[in-house]
1. Hey, could you check the stretch 61-85 for residues that are within 16 Å of Thr14 (Cα to Cα) and open to solvent by less than 10 Å² (accessible area, probe 1.4 Å) and say which is nearest to the chain's Cα centre (by Cα)?
2. Do the conditions hold for Ser183, that is, is it under 21 Å from Ile171 (Cβ atoms) and free of Cβ contacts under 8 Å to residues at least 24 places away in the same chain?
3. Please count how many residues of the stretch 308-332 are at pLDDT 75 or above and more than 20 Å from Lys289 (Cβ to Cβ).
4. Quick one: would you say Ser313 is out of contact with any Asp or Glu (no Cβ under 6 Å at 6 or more places or on another chain), closer than 24 Å to Gly165 by Cα and assigned to a loop (DSSP other than H, G, I, E, B)?
5. Where residues in the stretch 132-181 are acidic (Asp, Glu) and at pLDDT below 85, which of them is most open to solvent (accessible area, probe 1.4 Å)?
6. Can you tell which of Asn278, Asn305 is among the polar types (S, T, N, Q) and either modelled with pLDDT under 95 or open to solvent by 30 Å² or more (accessible area, probe 1.4 Å) (or both)?
7. All but one of (1) at pLDDT below 95; (2) open to solvent by less than 40 Å² (accessible area, probe 1.4 Å); (3) touching a Lys or Arg at 6+ places or on another chain (Cβ under 6 Å) hold for Glu350, so report the exception by its number.
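The values are calculated or read from the model by the stated rules, or taken from the named source; none is laboratory data. Keep in mind it's a predicted model, so treat the numbers as computed, not measured. All Cβ positions, even for glycine, are placed from backbone atoms using ideal geometry, and neighbour counts span all protein chains on display. Note: accessible area is taken over every heavy atom of the protein model, side chains too, but ligands, DNA and RNA are not part of it. Shrake-Rupley method; radii C 1.70, N 1.55, O 1.52, S 1.80 Å.
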Amino acid sequence: MTLKNINSVLLLGTDNMVALPVIRALGALIPNAAIHTLSYDHNKINNPEYSKYVHRRHYLELEKNDELVKKLINKIEETGAQILFPIDERDVRILSLSRHKLKNHVYLPPLPEASTLDKLVYKNRLADFLQNNDFPYAATYRLDRLNTAAIDDEFYPYLLKPIRGSSGQNIKRVDNKNELAESLLKLDSRNYILQELIPGQNFSCSLLAKNGNIQAETIQQGLASRDFNFSTAIRFVENEAVSEVTRQIIKTTNYSGLANLDFRLDERDHQPKLIDFNARFWSNISGAKIAGVDFVFLACLAAMNIPFKKPVSNGNTYLMGRNILNYYCEKILRPVSNGDTNSTYTDLWERINDPLPEVVRLIRSKSPSARSAKPEVPRDILTYQGI
């Protein structure tokens, strides 16, 4: 079996916006394959599922134990899927726990153990893991155990963060103890941490690993972002400090699978401090492909047990989102005029070439219900540990 023989791919959990760049990457990589999407909510409009590359949308009731696995196998058989990719961390966990039942039905990418996933994707547990294993870490407090008098005033401002979240949603900055006391009255302390706002730069490491060994990686420096959202302008760089800490974390946890690790490079001690571990695909995978590392292609090869050499990335700059023109003028053109020879790319052509998800996104953003809606709280992946 080679990638040319793949004629059907199933994506689980496409109610996550990260699904869209994966769908587009697969559509370009295997143009003759039927891409099927599988989500859990019949009534929710999922932008990624309107991509021109999607052959058919499917739905699945989210249940516990063997019933969910049986229905998933039925969908594999119905679609004729040869490769199954999870999109959300919840779906990574589901497939990790049920892979022994699925392995005879479909190819699966490398997956972490559920216990490893649980230790890394919750920010409170991640902070404990980093501290207990002598990795650089941000000063972090659990709100359900918080003694406000014991908080070190030196580290203000702090950030109130949900223990699990994405895209910077629901993160709040607090500058002093009075603001903290007011904020604590409005929060469920079980679901939040208090973490120092580290002075420095944003870096991230994207990777594919198997049994604690990194098979492919890229390092990204964040150039621009809004509030606490992910960087929509990045430069692919080399940073040995970030790379070394990442290697040690992956080795220590014996991690398998795709992941995107968010760091702050602390200007006080020059150490990269991991603040978020995303055990799934991520938004800038198209940029990584342009930089020489096609993670979707490599994940397909890994799923099919086809060996490959570790690729080397180059130093491109990649821009995403609505602020492409602003970022290009303010963040990219000026460095280039000063002698920076890095090439600059954007996701504009991908959007133009596959416009319907963008149209649906625009319509939804302008609707009154979307403007008044509260940010969605990510589903708790531990809810499904009975599978």
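1. At the first step, the residues of the stretch 61-85 found to be within 16 Å of Thr14 (Cα to Cα) are 61-62, 72, 75-76, 79, 81, 83-85.
Subset that is open to solvent by less than 10 Å² (accessible area, probe 1.4 Å): 72, 76, 81, 83-85.
Numbers: Leu72: 23, Ile76: 25, Ala81: 24, Ile83: 20, Leu84: 18, Phe85: 14 Å.
Filtering the stretch 61-85 for residues that are within 16 Å of Thr14 (Cα to Cα) and open to solvent by less than 10 Å² (accessible area, probe 1.4 Å), the one nearest to the chain's Cα centre (by Cα) comes out as Phe85.
2. When the stated conditions are applied, Ser183 passes them.
3. Start the filter on the stretch 308-332 by keeping residues that are at pLDDT 75 or above, which leaves 308-320.
Next, only the ones that are more than 20 Å from Lys289 (Cβ to Cβ) stay: none.
Count: 0.
4. So Ser313 fails the test.
5. Glu154
6. Step by step, each of Asn278, Asn305 is checked, and only Asn305 is among the polar types (S, T, N, Q) and either modelled with pLDDT under 95 or open to solvent by 30 Å² or more (accessible area, probe 1.4 Å) (or both).
7. (2)
Residue by residue, here is whether (1) assigned to a loop (DSSP other than H, G, I, E, B); (2) open to solvent by 40 Å² or more (accessible area, probe 1.4 Å) holds:
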{"position": "Arg190", "(1), (2)": "no, yes"}
{"position": "Gln195", "(1), (2)": "no, no"}
{"position": "Phe203", "(1), (2)": "no, no"}
{"position": "Ser206", "(1), (2)": "no, no"}
{"position": "Thr218", "(1), (2)": "no, no"}
{"position": "Phe230", "(1), (2)": "yes, yes"}
{"position": "Val242", "(1), (2)": "no, no"}
{"position": "Thr252", "(1), (2)": "no, yes"}
{"position": "Ala259", "(1), (2)": "no, no"}
